[in-house]
Amino acid sequence: MMLSTKGRYAVMAMVDLATQPQEKPVGLAAIADRQEIPLAYLEQIFAKLKRAGIVTSNRGPGGGYRLGKDAARISIASIITASEEDISITRCHGASGSEGCMKSTKARCITHDLWDGLERQIEHYLGNLSLADVCGRKVQEKFPAPTMFAEVIGGGTAHA
């Protein structure tokens with residue numbers, strides 16, 4: 001699975017917005033400049049975020065965007081979903097692949113449970129991280145690297 005630029009840009013822009021003083025609206029041009037995101041693309045993303053209630057906007061001189069609710073109540077998953085980013089791992093259709101994985105046979109593939117489990121882990125991870133967690137650099141604190149995974153990365157061997 002690879003998150004597209006739409007989902008990454010949405011999260012980057014929301015982190016930028018959340019770190020700005022909330023007394024006055026923040027213009028998209030400023031966010032686009034700081035994050036090096038094309039303004040037209042950011043406008044499309046923020047229209048979707050606004051429809052989802054994640055941000056609010058003010059028009060006119062001095063207008064811009066504010067968070068629609070407290071950063072602690074905005075999950076990273078909700079930002080990605082609102083930007084219409086699909087974070088599916090499998091090409092299965094229906095709930096948990098009930099319609100099957102293979103287009104021609106409609107059968108559930110043998111690796112379905114593997115990818116479905118990974119997808120649920122990603123959803124859990126992104127759903128349990130808030131915008132405030134990211135802004136406050138609390139991601140590692142909430143989700144420390146598992147010991148076994150750290151051993152494999154560090155060159156050691158993992159034992160069952």
May I ask you to verify whether ARG34 is over 30 Å from LEU118 (Cβ atoms), modelled with pLDDT of 95 or more and surrounded by 15 or more Cβ atoms within 10 Å (Cβ to Cβ)? no
Could you tell me which numbered condition GLY117 fails, if it satisfies all but one of (1) at pLDDT below 95; (2) part of a helix (DSSP H, G or I); (3) closer than 24 Å to TYR9 by Cβ? (3)
Being of a type in the set (A, V, I, L, M), within 21 Å of GLY136 (Cα to Cα) and more than 19 Å from the chain's Cα centre (by Cα) narrows it down to one of VAL26, VAL11, so name that one. VAL26
Do we have any residue at all in segment 41-59 that's modelled with pLDDT under 95, loosely packed, with under 15 Cβ neighbours inside 10 Å and touching a Cys at 6+ places or on another chain (Cβ under 7 Å)? no
Per the filter on segment 124-137, residues over 15 Å from ARG73 (Cβ atoms) and either loosely packed, with under 14 Cβ neighbours inside 10 Å or among the β-branched types (Val, Ile, Thr) (or both) are HIS124, ARG137
Quick count over segment 86-114, residues being at pLDDT 70 or above and among the acidic types (Asp, Glu), is 2
Taking interchain pairs and intrachain pairs at least six residues apart, which have beta carbon atoms under 6 angstrom, with the first residue in segment 50-77 and at positive phi and the second surrounded by 14 or more Cβ atoms within 10 Å (Cβ to Cβ)? GLY53/GLY68; GLY64/PRO25; GLY64/VAL26; GLY64/GLY27
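The values are calculated or read from the model by the stated rules, or taken from the named source; none is laboratory data. Not measured: the values here are computed from a predicted model. FYI the Cβ positions are ideal-geometry reconstructions off the backbone, even for glycines, and counts take in every protein chain you see.
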